[in-house]
1. Would you compute, from DSSP H runs of 4+ residues alone, the mean residue ellipticity of the chain at 222 nm, taking -39500 (n - 2.57) per run and dividing by the full residue count, rounded to the nearest 500?
2. Quick one: which of 6/124; 4/123; 28/56; 46/123 span more than 25 angstrom between C-alpha atoms?
3. Loop-only check: which GluC sites (Glu not before Pro) in segment 63-97 are DSSP coil with at most 13 other Cβ within 10 angstrom?
4. At 1.4 Å probe size, with the rest of the protein present, what percent of the exposed accessible area of the chain is carbon and sulfur atoms?
5. Go ahead and run the numbers for FRET between residue 11 and residue 182, Cβ-Cβ distance against an R0 of 45 Å, rounding to 0.05.
6. Which order do peptides 130-137, 40-47 fall in by mean Cβ count within 10 Å, highest first?
7. Report, please, the projected area of the chain averaged over directions, based on the convex hull of its C-alpha atoms, in nm².
8. Would you mind getting me the FRET efficiency between residue 196 and residue 155? Use the beta-carbon distance for r and R0 = 22 Å, nearest 0.05.
Amino acid sequence: MADKEKTKNNRKTRDRILDAALDIFSRKGYHDTRMDEIVEEAHTSKGSIYFHFPNKERLFVALVDQFSSLLERRVSEAIESEPQGMGRVRVAIETVLETFGKYRRPAKILLVQAVGLGQVFEKKRLEVTDHFAGMIRRYLEEAVDVGDIAPIDSEVVAHAWMGAIYSLVIQWVYTGEPTSERISEALVPLLLKSVDFDADAESDV
């Protein structure tokens, strides 16, 4: 019982540290953030932070992993009831955009601050990009298998789509425009048409 309570308290402390780090990193940037500031914001001790995260780099990477897991979970839940095909592809893209729109601060950390911070951060950012491009690729291949679209180079298409999504979301992170709703309304039909799928025809069926 005591071990369970200790584990629960450790998890709460770790979550509190991550929340504090997210707040400060998103406001001040990686280089200008000091661990002492996170200690103060999290209402914990420096020893407690270093117990969970040996250094600032590991703490930053943990935030990227946390947001990546959130994205994957939301996409998986959204497509769960969708049959294989372009409907699943559309829902996956819309969910990614909606999640970026709802979580601006972690989006900023992943897409803006992680760029140019060094090999470890760039490797992590590319890992996240490759992971979600792989998901999109898998859904596109399912759509080919069920006959929704003609055979395509799904790897190239998936990465091109992620590039388009990232570019618009980065613009939104910096300026607040275009909103995630505008991005979704304009971009999703454009991406679907790029593989010769007519979303309007689908909705008429």
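The values are calculated or read from the model by the stated rules, or taken from the named source; none is laboratory data. Please read these numbers as outputs of a predicted model, since none were measured by experiment. Counting neighbours? That spans all protein chains shown, and the Cβs are built from the backbone with ideal geometry, glycine included. Remember, those area values only see protein heavy atoms, side chains included, never the ligands or the DNA or RNA. Shrake-Rupley method; radii C 1.70, N 1.55, O 1.52, S 1.80 Å.
1. That comes out to -25500 deg cm²/dmol.
2. 6/124; 4/123; 46/123
3. Counting only loop positions with at most 13 other Cβ atoms within 10 Å, the GluC sites (Glu not before Pro) in segment 63-97 are 80.
4. Here it works out to 49 percent.
5. Rounded to the nearest 0.05, the efficiency is 0.75.
6. For the peptides 130-137, 40-47, the packing ranking is 130-137, 40-47.
7. So the Cα hull casts an average projection of 13.6 nm².
8. Using R0 = 22 Å, I get an efficiency of 0.80.
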